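Every number in this text was worked out from the coordinates using simple rules, so none of it is lab data. Keep in mind that what you see is a predicted model, and the values were worked out from it rather than measured. Because the Cβ atoms are built from the backbone with ideal geometry, glycine has one as well, and the counts that use them run over all protein chains shown.
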Amino acid sequence: MKLTVWTYEGPPHVGAMRVATAMRGLHYVLHAPQGDTYADLLFTMIERRDHRPPVTYTTFEGRDLGEDTAGIFKQTCQDAYDRFKPQAIIVGASCTAELIQDDPGGLAETMNIPVPVIPLELPSYQRKENFGSDETFYQIVRALARPMDRTPAATVNILGPLALGFRHRDDIEEVKGLLYEMGIGINVVAPFDATPEDITRLGAAHANVVMYPEHAETAARHLEKTLGQPYTKTIPIGVGATHDFVAEVAQICGVEPKKDLSRLRQPWWSRSVDSTYLTGKRVFLFGDATHVIAAARIARDEMGFEVVGLGCYNREFARPLRALAKQFGLTPLITDDYLEVEQAIADAAPEMILGTQMERHIGKRLGIPCAVISAPVHVQDFPARYSPQMGWEGANVIFDTWIHPLVMGLEEHLLAMFREDFEFHDEAGPSHHGGHAPKPSDAGGPAPQTPRHISGTKMDEPRSDEGPAPTGADVMVWLADAEKELKKIPFFVRGKARRNTEKFAADQGLQEISLDTLYEAKAHFAR
Amino acid sequence: MNTPTPVPSGTCRDAPILKERGQREVFCGLTGIIWLHRKMQDAFFLVVGSRTCAHLLQSAAGVMIFAEPRFGTAILEETDLAGMADAHEELDREVARLLSRRPDIKQLFLVGSCPSEVIKLDLARAAERLTQIHAPHVRVLNYSGSGIETTFTQGEDACLASMVPVLPTTDQRELMLVGALPDVVEDQAVSLLTQMGIGPIRVLPAPRSAEAPGIGPNTVFACLQPFLGDTAAALTRRGARMIQAPFPFGEEGTTLWLRAIAEEFGVDEDTFDRVTAAPRARARKAVANASEALRGKSIFFMPDSQLEIPLARFLTRECGMEAIEIGQPYIHKGLVGPDLDLIPAGPTISEGQDVDRQLDRVRAARPDLTICGLGLANPLEAEGLTTKWAIELVFTPVHFYEQAGDLAGLFSRPIRRRSLLNLEAAE
């Protein structure tokens with residue numbers, strides 16, 4: 001049993017729903033109680049889809065449990081087939097139905113449904129959403145893809161994009177563009193917009209492009225083994241990675257690595273002098289492993305940031321992330337515990353967070369700007385406009401997205417110079433954010449009011465008035481002058497200043513921080 | 001007083017009910033935690049369930065709550081199910097950890113889920129044991145919010161019902177208002193009744209456990225929401241008596257609800273009129289303005305919040321709409337009977353759901369407005385139908401006089417929006 005406040009991933013059957021909803025002509029019959037239908041709103045509200053997900057739930061009730069839940073499943077399966085006439089059906093159980101062990105796959109097999117029925121075994125009490133999507137797509141491919149003649153010209157399949165994916169819709173277009181420039185044709189894109197019939201044609205391609213290993217690696221491995229199709233390992237997010245991707249595809253397909261760089265603006269935007277202020281910005285990265293690995297390279301090599309922490313919530317992909325963290329000289333945070341992530345970010349006191357929807361909340365709480373780089377994401381991360389992460393345009397989009405939460409170049413200096421101006425003060429936030437400026441909370445933001453633990457740079461709300469005031473050697477007291485001075489430091493560097501000063505004071509064995517301590521620490525850490 | 005006389009024959013109370021079984025497109029009772037944990041400020045809701053439960057709570061919240069919420073999920077894992085770990089020991093450990101992190105918590109609700117019920121995890125026993133461990137600082141209660149036993153707002157009913165047995169006993173003649181309403185609305189209700197000289201007035205649930213109302217044979221209570229059947233039964237078992245009335249939606253509903261209580265407490269007509277005249281007039285005016293776009297329009301209720309019948313009464317009688325079908329997850333005539341009495345026969349009254357068949361009826365009827373859950377709204381809009389999501393009705397202050405106009409506005413806004421937007425290319 002594990003206490004959870006917020007979750008990064010849903011249960012595995014939601015992963016299966018993401019595959020089913022992305023496809024056309026496929027129907028998912030899910031043995032589940034009525035409350036599980038909430039999952040529809042993920043697609044209709046958060047992603048704004050204009051169709052119900054192709055999912056029929058059995059919605060059994062308590063009174064059915066002693067009776068014939070298997071019969072309810074069979075009836076639901078038959079009704080769903082008769083009503084929707086899909087090309088193929090996937091069947092499975094949600095967490096509750098898993099416990100009553102009706103074996104939906106076995107039941108459906110006895111029913112003589114005249115289309116392929118693909119059973120899913122998704123262990124709800126061990127695995128999570130990404131496992132569910134990867135396994136479901138693999139089972140569909142395994143059931144339907146068959147060896148066949150390759151297309152005469154070089155073609156590839158594009159594997160991995162799903163419903164409810166972070167920018168999957170637009171990433172597909174970018175990847176198609178990169179392939180088009182090399183003269184490589186697209187055989188099938190799947191699961192996004194693919195039909196079961198399309199899946200049967202996967203074998204005609206010469207290779208597979210895996211866009212999101214989290215959702216398609218098992219299927220790609222299966223296709224490599226059974227159909228001899230190699231698959232790409234590079235994820236084209238960022239300028240460097242996109243160059244590498246083009247080189248990898250060209251090598252696999254035996255074509256020239258042709259590129260059209262006319263729309264790539266990121267390198268000049270990053271080199272231009274206005275971007276100098278980005279130098280050494282301390283960023284914390286958290287999300288799914290694939291996006292974090294890509295973002296770390298961009299942050300360091302293409303933005304000139306300093307990566308001060310990174311981690312992922314999907315343990316399945318922890319290994320490459322660990323390797324990368326080593327290169328950065330960091331200890332990676334592999335966890336799906338939201339509170340642990342919040343603590344790590346508070347401890348690292350970065351100037352910006354690159355994370356998921358959850359880290360946006362953490363950033364809001366700690367007063368740290370945040371840009372979203374990975375699922376899970378909310379409704380505002382499904383924009384109407386074209387906004388990919390992959391390819392050349394993706395690199396441009398990422399540049400814009402990441403600098404948007406920050407206070408920009410000269411404004412940063414002005415804030416530092418005239419920090420007591422009643423209108424133009426740091427707590428108003430970046431001026432281009434209008435009324436929606438992130439208001440720093442008392443976490444990364446304002447100076448401490450009372451003696452506080454340095455061991456626990458914890459941002460706990462005062463939860464009890466009864467608790468004893470902290471005492472002892474690890475208590476650091478900010479003297480009034482120093483505290484006042486700290487408040488004058490713009491909020492986006494205040495967390496760092498406070499942290500550095502306290503560290504300096506602790507190293508010196510001081511228990512009081514005076515104005516001098518503050519400036520000695522500043523000189524000590526000057527770079 | 002101009003009490004509207006119920007139509008003598010042919011009201012919806014006696015109309016045949018279309019009972020359906022099939023796929024239901026509704027939330028489970030866990031959803032109620034989203035508003036209950038805000039209402040009860042020293043309570044924590046610990047769902048004992050699966051990852052799905054945790055995912056539901058954060059998805060249904062729509063926007064997530066930025067502070068650390070006063071709810072969480074103890075997620076059952078393989079070892080709990082396989083009997084490799086004693087689930088009760090695990091639960092004790094998680095609760096101890098939670099309470100040490102949150103010393104401000106005085107009431108802990110262990111909330112049962114589909115998985116915990118299927119594996120027959122005895123949360124009542126756990127609650128008793130944990131109460132003993134953590135008394136007197138924390139009281140631990142339990143209820144079921146599972147999807148196999150409860151739908152959406154029924155979770156609040158189960159939660160409040162679980163609190164009734166531990167309410168202190170009193171012989172005082174008191175009025176208890178039952179239901180978790182936004183503070184602003186609750187204050188208005190209390191103020192109106194107080195002005196009539198009615199009191200003392202207590203509310204269940206109280207914002208803090210120390211303020212929990214007493215109960216006894218001299219308690220009378222009125223429900224604020226039409227989904228509190230089990231709570232009403234539990235209160236009755238403890239000797240309290242229910243005041244039946246239509247629910248306080250709109251000017252008419254509010255007046256009838258207040259009048260029923262006023263009669264119980266022997267308030268004279270002059271006093272009643274003096275207190276209600278001004279807000280009644282305001283409510284009528286606000287409803288008249290806000291319901292302009294609704295007059296003569298047809299409406300179809302998919303079953304969702306359990307508010308469907310009282311709202312249909314409001315929309316048909318005060319806003320001039322015509323109901324085609326009024327679906328409710330379940331119908332408890334002991335609660336919604338007075339509302340059914342006021343709706344003239346005509347609309348289909350349905351209970352339960354077979355969502356695909358019901359959608360066929362929606363498509364055939366093409367109502368001007370369909371009230372439905374979040375999973376159905378955009379798909380129906382894409383088919384050219386105008387919708388209103390039901391969940392907003394439980395997240396927005398809509399009860400009593402001062403909100404009557406807002407309530408009508410919730411329904412008229414989608415219709416006004418459709419007429420405002422001009423998204424086609426100019427010819």
Tail fraction, Cα-Cα pairs, the stretch A:12-127, threshold 25 Å, whole percent: 16
B:Asp368, A:Asp288 arranged by Cβ crowding within 10 Å, fewest neighbours leading: B:Asp368, A:Asp288
Listed residues B:Gly197, B:Cys223, B:Ile261: farthest to the positive end of the dipole of the stretch B:174-280 (Cβ charges): B:Cys223
Calculated FRET value between A:His243 and A:Val115, using beta carbons and R₀ = 51 Å, to 0.05: 0.70
Pairwise centroid distance, computed over Cα atoms, of the stretch A:382-406 with the stretch A:205-221, Å: 24
Degrees, to the nearest 10: A:168-181 long Cα axis against longest axis of chain A: 80
Where only alpha carbons of chain A are counted, the Rg and the Dmax (Å): 26.2, 83
Over 30 Å (Cα to Cα) - which of A:Lys2/A:Lys85; A:Lys128/A:Lys326; A:Lys2/B:Lys106 fall in this group: A:Lys2/A:Lys85
Computed E for B:Asp171/B:Lys333 - FRET, C-beta separation, R0 51 angstrom, nearest 0.05: 0.95
The stretch A:145-253: C-alpha pair distances exceeding 20 Å, %: 32
Percent of Cα-Cα distances greater than 18 Å, calculated over the stretch B:271-427: 60
Cα-based helix-to-principal-axis angle, A:357-366 vs chain A, degrees rounded to 10: 10
Cβ-based exposure ranking for A:Asp64, B:Asp406, in which fewest neighbours within 10 Å come first: B:Asp406, A:Asp64
Cα centre as origin, Lys/Arg/Asp/Glu Cβ charges: the stretch B:328-427 dipole, Debye: 60
Rg and Dmax [Cα atoms of the stretch A:266-406; Å; Rg one decimal, Dmax integer]: 14.1, 41
Estimated 222 nm signal from helices in chain A, with DSSP H stretches of n ≥ 4 weighted -39500 (n - 2.57), rounded to 500: -12000 deg cm²/dmol
Sequence-distant lysines (8 or more away, or on other chains) whose Cα lies within less than 20 Å of A:Lys522: A:Lys281, A:Lys484, A:Lys487, A:Lys488, A:Lys496, A:Lys503
Order of B:Ser59, B:Ser50, B:Ser191 - criterion: other Cβ atoms within 10 Å of each residue's Cβ, fewest first: B:Ser191, B:Ser59, B:Ser50
Overall form of the stretch B:29-150 per C-alpha gyration tensor (a/c, 1.5; a/b vs b/c): oblate
Alpha-carbon gyration tensor eigenvalues x 5, square-rooted, for the stretch B:174-280, Å: 22, 15, 14
Projected area averaged over orientations for chain B, convex hull of C-alpha atoms, nm²: 22.7
Where labels lie 7 Å past Cα in the beta-carbon direction, separation of A:Tyr519 and A:Glu306 in nm: 2.3
Alpha-carbon centroid distance for the pair the stretch B:81-150 / the stretch A:137-204, whole angstrom: 47
Prolate/oblate/rounded label for the stretch B:354-427 (Cα gyration tensor, a/c 1.5): oblate
Residue among A:Thr234, A:Ile362, A:Val91 farthest towards the positive dipole end of chain A, charges placed on Cβ: A:Thr234
Helical segments meeting 27 Å axial Cα length and Kyte-Doolittle -1.0 threshold in chain B (DSSP H): B:269-290, B:401-420
Label-point separation in nm, B:Leu420 to A:Glu173, each point 7 Å along Cα→Cβ: 2.9
Phi to ³J(HN,Hα) by Karplus 6.51 cos²θ - 1.76 cosθ + 1.60 over the stretch A:20-30, Hz, x for Gly, Pro: 4, 6, 5, 8, 10, x, 10, 10, 10, 9, 10
Cα centroid of the stretch B:397-420 to Cα centroid of the stretch A:279-340, whole Å: 47
Equivalent ellipsoid, the protein assembly as shown (semi-axes from 5 times Cα gyration tensor eigenvalues, Å): 48, 39, 28
